[in-house]
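Have a look at the structure below before the remarks.
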Amino acid sequence: MMTDTVIGLFVFLAGYVPLRSYAGGYHARTQLKCYFFSTLIVVVVALVGSYGLLMMGSVSYILLALSLIAIIGWAPLEDKNKPIDSLEFKVYRRRMMYILVAEGICIIAFQFHKFESAAMYMLMSLVAAALMVVIGKIIDRLRGQMFFQ
């Protein structure tokens, strides 16, 4: 079970890191806050994965759809701590879309080959990235900032 969780976390990070890099969203103000927030995300994903709290099924497909709507609708989303210009916006958006397609293919392939756990961890990478975009969007609205979207 521990090995499955470690492998699952590698799948999660393989999906989360590149997507988060181009989707943007909330960024902590300090490196220490970033470290703690990132650690919290990994711990939550490990707990959800190790206890099987999220299985591929109707709830997962709803989470997938909502995550895709948030990411495609709002990303890339700049942050006060990581601004992007209009050229970067276009480049990041294109790369983000390629990453979304690749991750979607991975989820389908994992399910096809009966690697439900890997599919679940890849899905969690999309959900976590979408949450960061949503949190960033909420913070933008609260600050009254206008970005590219």
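Miscellaneous remarks
- Qualifying residue in segment 18-33 (condition: under 22 Å from Ile72 (Cβ atoms), out of contact with any strand residue (DSSP E or B) (no Cβ under 8 Å at 6 or more places or on another chain) and hydrophobic (A, V, I, L, M, F, W, C)): yes
Results for (1) without any contact (Cβ under 8 Å) to a residue 60 or more places away in the chain; (2) surrounded by fewer than 14 Cβ atoms within 10 Å (Cβ to Cβ); (3) within 15 Å of the chain's Cα centre (by Cα); (4) outside any helix (DSSP H, G or I), shown as yes or no for each residue.
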{"position": "Arg95", "(1), (2), (3), (4)": "no, no, yes, no"}
{"position": "Tyr98", "(1), (2), (3), (4)": "yes, yes, yes, no"}
{"position": "Val101", "(1), (2), (3), (4)": "yes, yes, yes, no"}
{"position": "Ile108", "(1), (2), (3), (4)": "yes, yes, no, no"}
{"position": "Lys114", "(1), (2), (3), (4)": "yes, yes, no, yes"}
{"position": "Ser125", "(1), (2), (3), (4)": "no, no, yes, no"}
{"position": "Ile138", "(1), (2), (3), (4)": "yes, yes, no, no"}
{"position": "Arg141", "(1), (2), (3), (4)": "yes, yes, no, no"}
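- Criterion (in contact with a Phe, Trp or Tyr (Cβ under 7 Å, 6 or more places away or on another chain) and among the β-branched types (Val, Ile, Thr)) met by exactly one of Ile7, Ile107, Ile69, Ile84: Ile84
Each value in this text was obtained by applying a stated rule to the coordinates, not by laboratory testing. Owing to the predicted nature of the structure, the values given are computational and were not obtained by experimental measurement. Neighbour counts are summed over all protein chains in view; Cβ atoms, including those assigned to glycine, are modelled from backbone coordinates with ideal geometry.
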